[in-house]
1. Take A:Ile113 and tell me if it is among the β-branched types (Val, Ile, Thr) and at pLDDT below 90.
2. Based on this model, can you work out whether B:Thr126 counts as in a helix (DSSP H, G or I), closer than 30 Å to B:Val10 by Cβ and not basic (Lys, Arg)?
3. Search region A:90-99 for residues being buried (at least 17 other Cβ atoms within 10 Å of the Cβ) and within 12 Å of the chain's Cα centre (by Cα), and hand back the single one that is farthest from B:Val180 (Cα to Cα).
4. Please find, within region B:165-206, the residue that is surrounded by the fewest Cβ atoms within 10 Å (Cβ to Cβ) out of those that are within 12 Å of chain A (Cβ to nearest Cβ), outside any helix (DSSP H, G or I) and not small (Gly, Ala, Ser).
5. Please go through region B:146-158 and pick out each residue that is buried (at least 18 other Cβ atoms within 10 Å of the Cβ) and either more than 9 Å from chain A (Cβ to nearest Cβ) or over 21 Å from A:Ile42 (Cβ atoms) (or both).
6. Could you tell me which residue of region B:127-155 is nearest to the chain's Cα centre (by Cα), considering only residues that are of a type in the set (Val, Ile, Thr) and at pLDDT below 95?
7. Out of A:Val47, A:Val102, A:Val55, I need the residue that is closer than 21 Å to B:Val180 by Cα and touching a residue at least 60 places away in the same chain (Cβ under 8 Å). Which one?
8. From the list B:Ala131, B:Ala83, which one is crowded, with 20+ Cβ neighbours inside 10 Å and either away from every other protein chain (no Cβ under 14 Å) or out of contact with any strand residue (DSSP E or B) (no Cβ under 9 Å at 6 or more places or on another chain) (or both)?
Amino acid sequence: MDFQSFEIKDKISDEQKVALYRIIQEVVSNIIKYAKASKINISVTDVGNGISLLVEDDGDGFDISSFKNGKGNGWKNIHSRLDLLGGEIEFDTMEGRKNTTVIIEVPYTKQNIAVA
Amino acid sequence: MTPSVKILIVDDHQLMIDGIMELLQNHGNHTIVGTTTKAVHVLEMLKNTKVDMLISDVNMPEMKGPELISKVKTTYPELKVIALSMHQEKHIVKDVLKAGADSYVLKHSTQNELIEAIEKTMLGETFVSAAVTKMLVDDVKYPSIEELLSEREREIIKLVVKEYTGKQIAEELFISEKTVETHKRNIFRKTNTSTLVGLTKFAIEHQLD
């Protein structure tokens with residue numbers, strides 16, 4: 001497992017850090033459980049107005065809708081924490097294809113999604 | 001008076017040798033005991049002549065500087081070596097210093113730098129041209145390429161430099177075009193570039209091409 005971070009430092013609050021940490025934890029544990037991956041790479045990059053977080057693995061892809069509608073709490077946990085951060089998530093994966101990339105974008109200023 | 005420093009010069013350009021000799025004639029206490037444009041002749045010359053210092057070019061056709069310096073230092077560990085080079089790329093400087101060069105002087109630096117380098121090197125000190133020192137300090141201060149860019153990002157840079165389109169990169173790496181775009185944006189940010197030309201320059205400087 002590799003990790004890179006770029007110019008993040010103190011731009012995010014402890015709350016945001018914890019939420020991001022939990023999301024990464026959830027994604028990584030899913031990779032370990034299902035993907036049969038030999039490599040995981042996590043990179044956190046400051047993109048000016050927020051953070052771009054990528055979790056890449058070289059394991060088996062999966063069907064996104066069955067993950068989102070699955071019985072486990074994985075997606076729910078990720079989704080609720082992302083709501084809290086005003087962030088967005090994208091899965092680049094495909095059943096039957098190797099290599100999955102999970103892209104998470106989180107703005108520095110917390111947005112109030114509930115109002116929108 | 002201290003005995004004069006016996007210097008051997010190797011550079012594949014005779015004009016460069018002439019220039020160095022001209023420069024040293026008027027400064028300090030040195031004797032040029034030999035010159036050659038062929039790196040392969042250096043070891044032979046060292047067998048027959050007493051030499052205190054080798055001033056060696058780095059980029060020579062038959063034998064590269066690091067190889068020559070390493071061979072010279074293995075046989076004559078006491079012999080001082082100044083690498084005189086036009087290159088200030090990190091990997092070249094590192095190779096030369098690892099090979100055992102005592103000092104590293106850029107060819108485009110001032111005359112005084114070479115003279116200072118000779119004096120300091122003979123005292124057992126290391127002299128490195130100011131521009132190279134800055135590069136080495138930056139190298140310590142800022143993250144290495146491996147720390148900065150992920151393996152996937154490095155792969156993408158290589159393909160971008162080869163003029164692959166986003167679609168072609170996506171197909172090559174089994175990821176979506178959108179992910180390629182995200183990577184590209186992050187790469188531009190991390191490498192502090194914004195154009196293909198800038199990124200290509202970065203790739204060449206860091207041997208990613």
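The values are calculated or read from the model by the stated rules, or taken from the named source; none is laboratory data. Being a predicted model, the structure only gives us computed values, none of them experimental. Using ideal geometry, Cβ is built from the backbone for each residue, glycine included, and neighbour counts are taken over all protein chains shown.
1. On the way: among the β-branched types (Val, Ile, Thr): yes; at pLDDT below 90: yes.
For A:Ile113, the condition - among the β-branched types (Val, Ile, Thr) and at pLDDT below 90 - is met.
2. Details: in a helix (DSSP H, G or I): no; closer than 30 Å to B:Val10 by Cβ: yes; not basic (Lys, Arg): yes.
The answer is no for B:Thr126.
3. A:Phe91
4. Restricting to residues being within 12 Å of chain A (Cβ to nearest Cβ), outside any helix (DSSP H, G or I) and not small (Gly, Ala, Ser), the top hit is B:Asn192.
5. Applying the first criterion (buried (at least 18 other Cβ atoms within 10 Å of the Cβ)) to region B:146-158 yields B:148-150, B:152-153, B:156-157.
Those that are buried (at least 18 other Cβ atoms within 10 Å of the Cβ) and either more than 9 Å from chain A (Cβ to nearest Cβ) or over 21 Å from A:Ile42 (Cβ atoms) (or both): B:Ile156, B:Ile157.
6. If we take residues in region B:127-155 being of a type in the set (Val, Ile, Thr) and at pLDDT below 95, then B:Val132 is nearest to the chain's Cα centre (by Cα).
7. On the way: A:Val47 fails: touching a residue at least 60 places away in the same chain (Cβ under 8 Å); A:Val55 fails: touching a residue at least 60 places away in the same chain (Cβ under 8 Å).
Unique residue meeting the criteria: A:Val102.
8. On the way: B:Ala131 fails: crowded, with 20+ Cβ neighbours inside 10 Å.
Among B:Ala131, B:Ala83, only B:Ala83 is crowded, with 20+ Cβ neighbours inside 10 Å and either away from every other protein chain (no Cβ under 14 Å) or out of contact with any strand residue (DSSP E or B) (no Cβ under 9 Å at 6 or more places or on another chain) (or both).
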